[in-house]
1. At 0.36 nm per residue, and after removing the present C-alpha to C-alpha distance, how many nm does the segment from residue 114 to residue 97 gain when stretched out fully?
2. For segment 141-152, what does the Karplus curve 6.51 cos²θ - 1.76 cosθ + 1.60, with θ = phi - 60°, yield as ³J(HN,Hα) per residue in whole Hz, taken in order and with x for Gly and Pro?
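The numbers here are math on the coordinates, done by the rules we state, and not lab data. Quick caveat, the model's predicted, so the values are computed rather than measured.
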Amino acid sequence: MRSVKVVKQGARYTARHGGTRMYKRILVPLAYRPGHHPDAEIKAARAIAAPGAHITLLHVIGAVPEFRTEHATSGTALAEVVEHDLERIAEPFVEADVKVLQGDPAETILNLASREAVDCIVLAPHRTHAGEYGSTAAQVVRRAPCTVHLVR
């Protein structure tokens with residue numbers, strides 16, 4: 001069964017099913033920004049994680065056009081910085097890993113969720129000026145093979 005749950009940032013998050021935490025493989029896509037700590041996403045992932053759950057923190061670097069290859073080394077350096085920061089964020093989790101991938105954010109999130117049999121995606125969507133979810137969140141919500149928890 002697939003569902004979408006929306007949790008307001010700062011709200012007490014107690015998503016439980018029958019008194020037990022329910023998700024064993026959780027994917028947390030993060031739009032990395034230096035100095036930003038994804039507190040809301042991490043808090044939500046912890047709240048819904050079953051004992052021994054595996055959590056994957058993911059950052060997707062958008063595809064770089066071929067004509068911009070002179071910046072390839074700086075893109076590699078950025079990926080290393082992002083990976084290092086996400087590893088620090090993942091340290092408190094017993095079962096966690098970090099992935100920094102390149103490609104279309106929505107497609108990459110959806111492909112990884114399918115490939116790794118994720119049973120929940122925890123996502124903090126961006127908002128458009130009209131207050132609607134951004135294109136990545138909208139695609140993930142529509143096409144995800146699992147439950148999606150939106151943290152706002």
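1. On the way: separation 17, 0.36 × 17 = 6.12 nm, distance 1.66 nm.
That works out to 4.5 nm of additional length.
2. 4, 5, 10, 4, x, 8, 5, 10, 9, 9, 9, 10
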